[in-house]
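Single-structure report; data block below.
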Amino acid sequence: MKKIIVENLKYRYPLSENLALKGISFEVEGGEFIGIIGRNLAGKSTLCQALVGLVPHFYKGAYSGNVEISGMNVLENNISELSKKIGIVFQNPFTQITAAKLTVYEEIAFGLENMGIEIKETIRRIEYVLHLLDLEKYKDRNPFELSGGQMQRLAIASIIAMKPEIIVLDEPTSQLDPQGSEEVFKAIQSLSREGITIMMVEQKIEKIAQYADRVMLMSDGEVVDFDVPQKIFLRDDLLNYGVQAPVFTRVCRSLNIKNKNTGLYPVTLDEAYELMVRHEQNRS
Amino acid sequence: MNRIEVKNLRFSYRRGEEILKGMDLTFDSESTAIIGQNGAGKTTFVKLLKGLLKPTEGDIFIKGKNTTEVTVAKLAKEIGMVFQNPNDQIFKSKVIDEVMFGPLNIGQGMEEAKGNSLKALELMELSDKVDENPYDLSLSERKLITIASILAMDTDIVIFDEPTISQDYFGKIRIKNIVKELAARGKLVITIAHDMDFVAEISERVIVLNKGEVILDGSAEEVFLRDDILKSAYLEQPNITQLCKRLGYDRTFLALKEFLDYRLAEN
Amino acid sequence: MAKTLSLYVERNTFIHRVDSINKILYVLVSVAIPLILPYKFVAVLLILISISFLLLAKVMRRVIPLIEFSVIILLSIVIIQGLFHAGNKTVAFHIARITFYKEGLSYAFTLSMRVINILLAFAILVLTTKPSELIEALVKKGLSPRFGYVLSSALQIIPQMMSAVGSIMDAQRSRGLETEGNLAVRIRAFFPLIGPVVMGSLIETRERAMALEVRAFNSREKKTFLNERQNLRSDNVIRLILFSILSLSIVLRVLL
């Protein structure tokens, strides 16, 4: 079943002269992990906002086209309704804390209280996400006392507790240190294993290569290409879009080491290592 | 000589909680990266260099001047620092005025300040944004503005705290070039960074901080060779270094080209 | 501990567990009774009751700074009334050549007792009730959830804003801004410091507004509350006692 259908989506922010999205169309299947790449101001964040309904319900402006999330039309449903199907995590962990709650446990409950979920179910879901995102130790802490990585995991937990089928992550680790980023990427992997459909914008290209089933390359409000990572990272014009292929792909490309079955260059450390070792063996 | 001398530096915000536990370091005109996980004391250390904090014990000399004996504003003539969050400093309604704020404060004349600011904005490829309101621009552009605002002060020592946050590939290239150029012009550059690929490319020297102590200090090759120590500080080698190590090479490769050249010579 | 604007003291006592609405009622009743029954001993009695509650709640030590602070106000009441009260006739004593009168001092005493009484009753409320619980209780009683959110988030966001001022000060001093010195220097430093505070909090407010939206803040469903407090029988008993005491004092007032 198609989880996301976007048809000819055009959007212009209020007071802006240029279209931020210039007629975007694509579809995503349930359970897919999609990486979104491209340079700053390419429209990646705007697309994220359009998927969860912040565009056009929070940011007004000129909007046309059709976005359907799990059969729900974004234009016809408000953000609260949509939040049952799709959630979003932003860059800055700090501003995703509501500041109205004093503990991690209560913070996670915030969205559920608003949705009117009954208490027993709320508690069950909180326990589940605390475990899933490895936050049990911190459940009684004040959210503002957490490290960046922990805070971002809390933001993810708070969204996942609302049981969305799709989660959008807009550069979730760009403001974290390596350890915090690693924690968050691990958490995202476990969401993917749970069958949640993931749309992740990320500059760390090696991570996209490692996790994504398909990669969407955006530029100037348009989708330039949408394909498996191996094919996206093969493009000769990639640098023009502000993206450099993973170093593993570039090594193997320089040495012309391909995967025999697919005829494509590897994109991850593990795959590159295996192919290079096999290559050496064949030579000697 | 652009020299920083750090002697037996100890620092704590509160009694009994030592953040920096005795550091002896000398910096000369070169590009140095300081790496370490959050809470290792990196930002505290550069704030001490900048005079924003005073040592609990020990001394810091910036070009011979003890930081405890001059005000931060005076020290600003010698040492510039780009902070992590651009929103902590931007307050003017025009990009050019924001960039000129620092130069004017440290005694540059109007013409000189304007010239330096325009040049710095050009380096950051922001020449077409000179008259815009910084808050109409994106966060990544605001970050580049703050870098320009420090470059325009033309200090002999420049510190960058996480310059690549929220930058894309082009932004990173610009910052990389700036750091290399400053070092080439004989400035003393210190960069705090999390992106190891970036560190490997810009630094002649790498210092690893862990829990308030220097656990490694050497050339990028030397430091990134010690993946055992790096792991203990929750740090990783650059991607290319990891691949080569797994392939069994006994030397550290920090750049793709370096590795390809080596292989070519090998065959 | 992350800072919040709150005087709440965490203890595990009966007083802490009393329903926050009842604590508000207690404040109202103990403010009202001395006005209904304007006898000195009534106010003194109420003070003693409040003190015993504070002792039971193990927070008496936190009250002392509050009392110390109010001593200045109380002293000024005593002096002004003792010297200038309209009904002053009987001389009480002299200090140097200044005369204090009995009527004024007596009035000042009544007034002081009332002030201390109000102070202590409020102290029970703020020292033993989590602000979040209090606000949530009010939201349940019909206060707008949006207004409730503004109140409870302000308690945490304001201290966070204050700590942002520190980093802004660092950033501007690093660019050669003098922040210490004479008045002119300080005035010049005002905009570089306040500008980023204002812009920063506007940006954060917008980001936080988006984060709230996607957590169904504007949902039309009937809200639930995680900390659904079991309505204890003791709550109703306490409420009944408070209303009885209030009614009794009104009856007494009419009869006497």
Review point. Taking θ as phi - 60°, what are the ³J(HN,Hα) couplings along segment A:263-278 by the Karplus curve (6.51, -1.76, 1.60), each to the nearest whole Hz, with x for Gly and Pro?
Key: x, 10, 7, x, 10, 10, 4, 4, 5, 4, 4, 4, 5, 5, 4, 4
Practice item. Please tell me which of these pairs span more than 25 angstrom C-alpha to C-alpha: B:Lys47/B:Lys74; A:Lys120/C:Lys141; B:Lys119/B:Lys176; A:Lys120/C:Lys222; C:Lys58/C:Lys223? Key: C:Lys58/C:Lys223
Review point. Which of the lysines could a cross-linker bridge to A:Lys3, judged by Cα under 24 Å and excluding same-chain residues fewer than eight apart?
Key: A:Lys22, A:Lys44, A:Lys84, A:Lys85, A:Lys163, A:Lys186, A:Lys207, A:Lys231
Review point. Within chain A, what's the longest stretch lacking GluC sites (Glu not before Pro) that sit in DSSP loops with no more than 12 other Cβ atoms inside 10 Å?
Key: A:195-284
Point to revise | Placed amide H near A:Leu9: partners under 5 Å, 5+ positions off or other chain | key: A:Gly23, A:Ile24, A:Ser25, A:Asn66
Revision key, fill the gap. When all Cα-Cα pair distances of segment B:4-235 are considered, the percent exceeding 24 Å is 44
Practice item. Evaluate 2.2 N^0.38 Å with N set to the residue count of segment A:2-245, then give the Cα radius of gyration divided by it. Key: 0.99
Point to revise | Amide H within-cut-off set for A:Ala62, under 5 Å, with H built and near neighbours excluded | key: A:Arg12
Point to revise | Members of B:Lys63/B:Lys180; B:Lys7/B:Lys63; A:Lys101/C:Lys3 lying beyond 18 Å, as alpha-carbon distances in this model show | key: B:Lys63/B:Lys180
Review point. Of A:Lys120, B:Lys231, B:Lys50, how do they rank once you tally other Cβ atoms within 10 Å and put the fewest first?
Key: A:Lys120, B:Lys231, B:Lys50
Revision key, fill the gap. So, relative contact order of chain B in percent, Cα under 8 Å, 6 or more apart, is 23
Exercise for review: Please go through segment A:239-284 and write out the trypsin sites (Lys or Arg not before Pro) that DSSP classes as loop and that have at most 12 other C-beta atoms within 10 Å.
Suggested key: A:Lys260
Exercise for review: Can you tell me the order of B:7-17, B:81-91, C:28-38 when each peptide is scored by its average per-residue count of other Cβ atoms within 10 angstrom, highest first?
Suggested key: B:81-91, C:28-38, B:7-17
Review point. Which whole-number percentage describes the relative contact order of chain A, with Cα contacts under 8 Å and a sequence gap of 6 or more?
Key: 22
Study note, to complete from the structure: Counting all Cα-Cα pairs in segment A:31-82, those more than 16 Å apart amount in percent to 44
Review point. Mind checking the alpha-carbon convex hull of chain C and giving the volume per residue in Å³?
Key: 218
Point to revise | Fraction in percent of alpha-carbon pairs per bin - 5 Å, segment A:185-284 | key: 2, 12, 22, 22, 17, 14, 7, 3, 1, 0
Check your understanding: Relative contact order for segment C:144-213: what is it in percent, counting Cα pairs under 8 Å that are at least 6 residues apart?
Key -> 28
Point to revise | Cα-based Kirkwood hydrodynamic radius, the protein assembly as shown, one decimal, Å | key: 30.4
Study note, to complete from the structure: Connecting every pair of Cα atoms under 10 Å apart in chain A and solving the GNM, the largest mean-square fluctuation among A:Ile119, A:Ile166, A:Ile208 falls on A:Ile119
Practice item. With only Lys, Arg, Asp and Glu charged, each at its Cβ (+1 for the first two, -1 for the last two), find how big the charge dipole of segment A:64-175 is about the Cα centre; round to the nearest 20 debye. Key: 220
**Study point:** Karplus-derived 3J(HN,Hα), 6.51/-1.76/1.60, for each residue of segment B:62-71, Hz, glycine and proline x
**Key:** 9, 6, x, 9, 6, 4, 6, 9, 10, 6
Point to revise | Qualifying aspartates and glutamates (Cα of each under 14 Å from Cα of A:Lys2; at least 8 residues distant if same chain) | key: A:Glu27, A:Glu29, A:Glu32, A:Glu68, A:Glu165
Study note, to complete from the structure: Shielding of B:77-84 by other chains, given as the mean Cβ count within 10 Å, works out to 3
Review point. Would you list C:Ile187, A:Ile4, B:Ile215 from fewest to most Cβ contacts within 10 Å?
Key: C:Ile187, B:Ile215, A:Ile4
Review point. Excluding same-chain residues fewer than 8 positions from B:Lys65, which aspartates and glutamates have a Cα within less than 12 Å of its Cα?
Key: B:Glu5, B:Glu78
Point to revise | ³J(HN,Hα), Karplus 6.51/-1.76/1.60, whole Hz, each residue of segment C:18-29, x for Gly, Pro | key: 5, 3, 5, 4, 5, 5, 5, 4, 4, 4, 4, 5
Practice item. Quick one: grab the alpha carbon gyration tensor of segment B:62-116, order the square roots of its eigenvalues as a ≥ b ≥ c, and give me rounded if a/c is under 1.5, else prolate or oblate depending on whether a/b is larger than b/c. Key: oblate
Practice item. Collect residues whose amide H, placed 1.01 Å from N in the peptide plane, falls under 5 Å from the amide H of A:Ser219; neighbours closer than 5 in sequence don't count. Key: A:Val224
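No value in this document is a laboratory result; all are computed from the given coordinates. Remember, predicted model here, so these are calculated numbers, not experimental data. No Cβ is skipped: glycine too gets one built from the backbone with ideal geometry, and neighbour counts run over all protein chains shown.
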